[in-house]
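Student: Sharing a structure here in structure tokens format.
The values are calculated or read from the model by the stated rules, or taken from the named source; none is laboratory data. Note that the coordinates shown come from a computational prediction; the quantities given were computed from them, not determined experimentally. Glycine also receives a Cβ, built like all others from the backbone with ideal geometry; neighbour counts cover every protein chain displayed.
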Amino acid sequence: MLFEKIRYELDITFLQGEPQQNLDYCWERIKREYFPMQLSATCKFTNITLSMFCDPTRPRGSHPRLKGRAAEIKSIMPALLWCWRHVAPNDNDWWAQVELALKCTVFLDDTMDAHKDEDVLPREAAQQFQSAGFALNTCMNSLLEHYANLGPDSEYLFNIVPKNHFLAHLCLMSYYINPRCAWCYMGEDMMHQMRRLSSGVARGNSHKQAGRKLMLWYGQGIARLLAD
């Protein structure tokens, strides 16, 4: 959500040159921090193009949306924060809010990684998680209002989406349940599991047969899970 907005601003807004040149400039700097990280190959972008988050022919015509998996976007956030600090001017209060939003995003991910095996966040971690999540939403809302009022060239830079609302609920619930167990993250895991099930029933079955077999296997899996 936040990643594409920042990349868009880096590539389109204040760097000199054509959008593709600006993207190449940022990508080279991101790679310095990104590629040395010890990550699975399935969690990394190998390259990023303009068409992955905007229409290259009309880059300001709609909100930018990065095409990628959640694991890929999560893994690149620390490198994007590093790139922002080295490329973006530091004499603008609004760009300082962008940096704060990036820092909050990285902090939220790091907190969940640090407590991935716990059902509930420790109280201090929950307090910090809530503060970072609310600060992120506040920054996004302020940036949306500011840039939307600057004119048509900036109105699509930032926006608020339903996930911002879900994040607020995750923050409030973090005292009682680990955010990794909540809807946003379980939804990602659900899609992965259903993809595996779908691939297993697709061969040799018609669409109707595959659908029925998929639900049968899913029901059996849920029954075993509940039985345990």
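Student: Assigned to a loop (DSSP other than H, G, I, E, B) and aliphatic (A, V, I, L, M): which single residue out of Leu136, Leu167, Leu121 fits that description?
Tutor: Working: Leu136 fails: assigned to a loop (DSSP other than H, G, I, E, B); Leu167 fails: assigned to a loop (DSSP other than H, G, I, E, B).
Exactly one residue qualifies, and that residue is Leu121.
Student: Separate question: Picking from Met77, Met112, which residue would you name as being in the same structural domain as Ser142 (by TED's automatic domain parsing) and either modelled with pLDDT under 80 or surrounded by 16 or more Cβ atoms within 10 Å (Cβ to Cβ) (or both)? First the steps, then the outcome.
Tutor: On the way: Met77 fails: in the same structural domain as Ser142 (by TED's automatic domain parsing).
Unique residue meeting the criteria: Met112.
Student: Name every residue in the range 173-228 that is closer than 30 Å to Thr138 by Cα, at pLDDT 85 or above and out of contact with any helix residue (DSSP H, G or I) (no Cβ under 7 Å at 6 or more places or on another chain), in order of residue number.
Tutor: Met173, Tyr176, Ile177, Asn178
Student: Out of Leu172, Leu143, Leu100, I need the residue that is under 21 Å from the mean Cα position of the chain (by Cα), of a type in the set (A, V, I, L, M, F, W, C) and either buried (at least 18 other Cβ atoms within 10 Å of the Cβ) or assigned to a loop (DSSP other than H, G, I, E, B) (or both). Which one?
Tutor: Leu143
Student: Contact list please: Cβ distance under 7 Å, first residue in the range 76-100 and over 18 Å from Trp27 (Cα atoms), second residue surrounded by fewer than 19 Cβ atoms within 10 Å (Cβ to Cβ) and not aliphatic (A, V, I, L, M), pairs at least six apart or on different chains.
Tutor: Pairs found: Trp94/His146; Trp95/Pro89; Gln97/Ser142.
Student: Still on this structure, I have one more. Can we say Thr42 is of a type outside the set (A, V, I, L, M, F, W, C), assigned by TED's automatic domain parsing to the domain that holds Ile160 and either at pLDDT below 90 or closer than 23 Å to Ser154 by Cβ (or both)? Walk me through it before giving the result.
Tutor: Values: of a type outside the set (A, V, I, L, M, F, W, C): yes; assigned by TED's automatic domain parsing to the domain that holds Ile160: no; either at pLDDT below 90 or closer than 23 Å to Ser154 by Cβ (or both): yes.
Considered against the rule, which asks whether it is of a type outside the set (A, V, I, L, M, F, W, C), assigned by TED's automatic domain parsing to the domain that holds Ile160 and either at pLDDT below 90 or closer than 23 Å to Ser154 by Cβ (or both), Thr42 comes out as no.
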